[in-house]
1. With the other protein chains left in place, how much accessible area per residue, in square angstrom, belongs to the chain at a 1.4 angstrom probe?
2. Out of the total accessible area of the chain (probe 1.4 Å, heavy atoms of protein only), what percent is carbon and sulfur?
3. Along the charge dipole of the chain, Cβ charges K/R +1 and D/E -1, which of Leu51, Ala264, Val232 sits furthest on the positive end?
4. What does the helix-only formula give at 222 nm for the chain: each DSSP H stretch with n ≥ 4 adding -39500 (n - 2.57), the total divided by the residues, and the result rounded to the nearest 500 deg cm²/dmol?
5. Rounded to the nearest 20 Debye, what is the dipole magnitude of the chain about its Cα centre when Lys and Arg each give +1 and Asp and Glu each give -1 at the C-beta?
6. If packing is taken as the average count of other Cβ atoms within 10 Å, what order do 119-126, 296-303 fall into, highest mean first?
7. Whole Å is fine, so just give me how far the alpha carbon centre of the range 209-226 lies from that of the range 129-201.
8. Give the distance, in whole Å, between the Cα centre of the range 240-291 and the Cα centre of the range 63-102.
Amino acid sequence: MNTSWRSAKPLVVLSAVLTMGCSGAGQTGAEPATGHSVCPPGRVVGWGDSLTYSLTKVDGVWRQAKPTWLDTIGEDLHVQTVNFGVPSQGSAEIAVRQGGLKPAVTLINNRIPSGSTAAVPVLAISPIDGWTQYAKAGTMEMHGTLAGVSGNLQHTMSSGAEIFGFVPDRAPESVVPVPAESVFSSDIGANYRACTQIIWAGTNNGGQKTAIMRDIASMVDSLSEPKKYLIVGAVPSVRSELSIVYGSRFVDLRSWLVTDGLAAVRLPPTPADIAAVEAGDIAPALTVDGTHFTQAAYTAIGHHLASIINGLV
């Protein structure tokens, strides 16, 4: 991810009514989809990119923060959490994994060949925007089904080129016809429709305002009633729109980090921090590279979001 916080990002935190606690606070990790929602009371699920994953750098080494901001929410609210943050993904990849966005896919020769698990090239995909714009993203994978075949939809960014493909989990015994514009549906989020969801999307395609709004809306629409979510906005290009559309479920995290971030981590401001805050930017002391946060900042974000969720009860 190379988009700075100055240029934006919508953080979506799906706000929940956490009326009952459950054991296993801070638990992370995905579970196999079973096709129906089985959320323990109060479980909080996070969808996003490396900021949801809580990527940070310690002693020059990139790793996941311990605790992540989702872990901190779990500890504060005494609920289970699941972290579906995948570094480098755009709002479309995130929405596809979550299950809200179901792209229409056209494969070369309109079929999946028999006897092979090689990637089948995608000739066309809709929507065409919302996918990661980070040139060093590599291959993004989204698991689900296409024409009844289980496998991964792949989006690869390499040397300035974008390539889509579908990789079946198992080699089909016979050729599988795939009509043009067949729908790809992810199974990753199937068990979590009734959970409180926190969505942080748009960092890696921050200039695609319409796509970000579309992808966030698709994720919210996919939730079971009563919908439990908050939308946290940090991409300047969509902040006002998110606030208008989602009202009290919108949290302007970026502004909070600018005004209260240093106090939250109990750091005295340096001259560089003071200059950044006066310019309306996040203090450098809160990040490790201008985009990803320090361990202390991720923990502070978790406490802040937990307090917001708790205030909605």
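1. Accessible area per residue: 40 Å².
2. That share works out to 54 percent.
3. Comparing the listed Cα positions along the dipole, Val232 ranks first.
4. Computed mean residue ellipticity for the chain: -8000 deg cm²/dmol.
5. On the way: 20 positive and 24 negative charges, 31 e Å.
The calculated dipole for the chain is roughly 140 debye.
6. Top to bottom by mean Cβ count within 10 Å: 296-303, 119-126.
7. 18 Å
8. If we compute the Cα centre of each part, the gap is 20 Å.
The values are calculated or read from the model by the stated rules, or taken from the named source; none is laboratory data. Worth saying up front: this structure is predicted, and the values here are computed from it rather than measured. We place every Cβ from the backbone using ideal geometry, glycine too, and count neighbours over all the protein chains shown. For the accessible areas, the whole protein counts, side chains as well, though only heavy atoms, and no ligand, DNA or RNA atoms are used. Shrake-Rupley method; radii C 1.70, N 1.55, O 1.52, S 1.80 Å.
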